[in-house]
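For reference, the structure discussed in these notes is given below.
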Amino acid sequence: MNPFQYDFGYGFWWNYGHLLAIVPFGLLALAAWRLGWPRFVAIGASIIALWGIVGLWIVQYPMRINRPLELPTERFLAEGVGRVLDGGAGSGRAALMVLRERPDMRVLAVDLYSGYFGIDDNTPERLMRNAEKAGVADHVEAQVGDLTDLALENASFEGAVSAYVIDHLGREGAERAVAEIERVLKPGGQFLLMVINPDGWIRTAYPFFVHHGYFGGRTNHDRWRGRIEASGLHVVEMGTVPGTLWLLAEKTQVLAPTI
Ligand SMILES: C[S@@+](CC[C@H](N)C(=O)[O-])C[C@H]1O[C@@H](n2cnc3c(N)ncnc32)[C@H](O)[C@@H]1O
């Protein structure tokens, strides 16, 4: 439960920006109630401070900005053996999610590790420090690479996960990334896609960003299902968790011909 155990590197504004509503407006509300200032000042300041508290809680707890993610479905790699690709691994929230639930697996964490996607000083070293804190560093390898053009062999992974990455790549980039994931999965392999869902949680915590389309406007399962299935993968389960749409897909098993 401790939000300070790991350092996933999301910047101050994403992590703690709500303090700017909580502290000054909380103090203003306190003064207004105590000193009998006009009611609209007391009520207005209280509402803003309360929104800040709720927003901070949403970001830290249901959205887990500074903690490993939670596996949204037990069906993902239930056998728990083999290799998993974490595409766009960043500082490791999804890699740790997999290894906490599937400790015998090995994760290859691939990321551009350049450009800005919310994580300050995004480096493979930060991911490895988090893996060490979780006690799983010997099951993780971090590699610089492009999810839309992976330097990895065909059919070499039992599973793949990608959290909050493919929704940043635009339509063409998303299609290329899903095609690459399909290519590197073994027959029967599974892909867990997690993307931002501007739902009530996100709208409450980050209303200004949603309003300005920062999270890509509306999204839905059908759009992502279409993109995944165009690559040849088959979606077997879908759902939501706070701030997130997730889809679980499988690569068709090639059945040996019967003679
Ligand atoms: C919002 S962060 C998500 C990181 C991590 N999956 C998480 O949930 O905390 C997006 C990540 O995708 C990476 N990324 C963006 N485009 C990429 C690409 N074409 N190939 C590999 N990684 C990419 C960024 O460098 C960044 O680390």
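Return a whole-number percent for the relative contact order of segment 12-60, with Cα pairs under 8 Å and 6 or more residues apart as the contact set.
Working: 48 pairs, mean separation 24.6, N = 49.
Rounded, it is 50 percent for segment 12-60.
Rounded to the nearest 10 degrees, what's the angle between the helix 19-35 long axis and the longest principal axis of the chain, both from Cα atoms, 0 to 90?
Result, in degrees: 20.
In debye to the nearest 20, how big a dipole does segment 105-204 give about its Cα centre with +1 on each Lys and Arg Cβ and -1 on each Asp and Glu Cβ?
On the way: 9 positive and 17 negative charges, 50 e Å.
Here segment 105-204 has a charge dipole of around 240 debye.
Which ³J(HN,Hα) values, rounded to whole Hz and listed in residue order, are derived for segment 140-153 from phi using the Karplus coefficients 6.51, -1.76 and 1.60 in 6.51 cos²θ - 1.76 cosθ + 1.60 with θ = phi - 60°, glycine and proline given as x?
After applying 6.51 cos²θ - 1.76 cosθ + 1.60, I find 10, 10, 9, 9, 7, x, 10, 4, 8, 7, 7, 8, 10, 6 Hz.
May I ask you to compute the full-extension gain from residue 209 to residue 48, defined as 0.36 nm times their residue separation minus their alpha-carbon distance, rounded to one decimal in nm? Please report the intermediate quantities before stating the final value.
Numbers: separation 161, 0.36 × 161 = 57.96 nm, distance 1.69 nm.
Extra length available between residue 209 and residue 48 comes to 56.3 nm.
With all distinct Cα pairs included, what does the Kirkwood hydrodynamic radius of segment 1-123 come out to in Å, to one decimal, could you say? Show your work: numbers first, answer last.
Details: mean 1/r = 0.0588 Å⁻¹.
After inverting the pairwise mean of 1/r, the radius is 17.0 Å.
How would 248, 255 line up from fewest to most surrounding beta-carbon atoms within 10 angstrom? Walk me through the numbers on the way to the answer.
Working: 248 22, 255 7.
Sorted ascending by nearby Cβ count, the order is 255, 248.
Neighbour counts of other C-beta atoms within 10 Å: give me 240, 219 arranged from fewest to most.
So the residues, fewest neighbours to most, are 240, 219.
For q values of 0.11, 0.16 Å⁻¹, compute log₁₀ I(q)/I(0) with the Debye formula on a Cα-only model of segment 118-181, without solvent.
Values returned for q = 0.11, 0.16 Å⁻¹ are -0.32, -0.68.
When only Cα pairs under 8 Å and 6 or more residues apart are kept, what is the percent relative contact order across segment 83-250?
Working: 306 pairs, mean separation 33.5, N = 168.
Averaging sequence separation for qualifying contacts and normalising by length gives 20 percent for segment 83-250.
According to the Cα gyration tensor, what semi-axes, each the square root of 5 times an eigenvalue, does the equivalent ellipsoid of the chain have, listed from largest to smallest in whole Å?
39, 20, 15
With everything on Cα atoms, drop me the angle between helix 124-134 and the longest principal axis of the chain, reported from 0 to 90° to the nearest 10.
It works out to around 80 degrees.
With r as the distance between the Cβ atoms of residue 252 and residue 171 and R0 = 35 Å, compute the FRET efficiency 1/(1 + (r/R0)^6) and round to 0.05. Before the final figure, lay out the partial values.
Values: r = 24 Å, r/R0 = 0.69.
With a Förster radius of 35 Å, E is 0.90.
Along the charge dipole of segment 27-84, which of 45, 81, 61 sits closest to the positive end, that is, farthest toward it, with unit charges on the beta carbon of Lys, Arg, Asp and Glu (+1, +1, -1, -1)?
In segment 27-84, that residue is 45.
Once amide H atoms are built 1.01 Å from N in the peptide plane, which residues 5 or more positions from residue 160, or in another chain, come under 5 Å H to H?
Amide H neighbours of residue 160: 85, 190, 191, 192.
Using the Cα centre of the chain as the reference point, and only Cβ charges (+1 on K/R, -1 on D/E), how large is the resulting charge dipole? Debye, rounded to the nearest 20.
On the way: 23 positive and 28 negative charges, 206 e Å.
For this selection, approximately 980 debye.
Identify, among 208, 156, 110, the residue whose Cα sits farthest towards the positive end of the charge dipole of segment 83-250, taking +1 on the Cβ of Lys and Arg and -1 on the Cβ of Asp and Glu, with the dipole about the Cα centre.
208
Run the numbers for residue 237 and residue 100: contour at 0.36 nm per residue of separation, minus the present Cα-Cα distance, in nm. Numbers along the way, then the final one.
Values: separation 137, 0.36 × 137 = 49.32 nm, distance 2.13 nm.
Extending this stretch completely gives an extra 47.2 nm.
Please report 91, 114 as a ranked list, fewest other C-beta atoms within 10 angstrom at the top and most at the bottom. Walk me through the numbers before you get to the answer.
On the way: 91 28, 114 10.
Taking fewest neighbouring Cβ atoms as first place, the list is 114, 91.
Rule-based calculations on the coordinates, nothing more; no lab input. Bear in mind the structure is a predicted one, so any value in this text is a computation, not a measurement. When we count neighbours, we look across all protein chains shown, and the Cβ atoms used for this are built from the backbone with ideal geometry, even at glycine.
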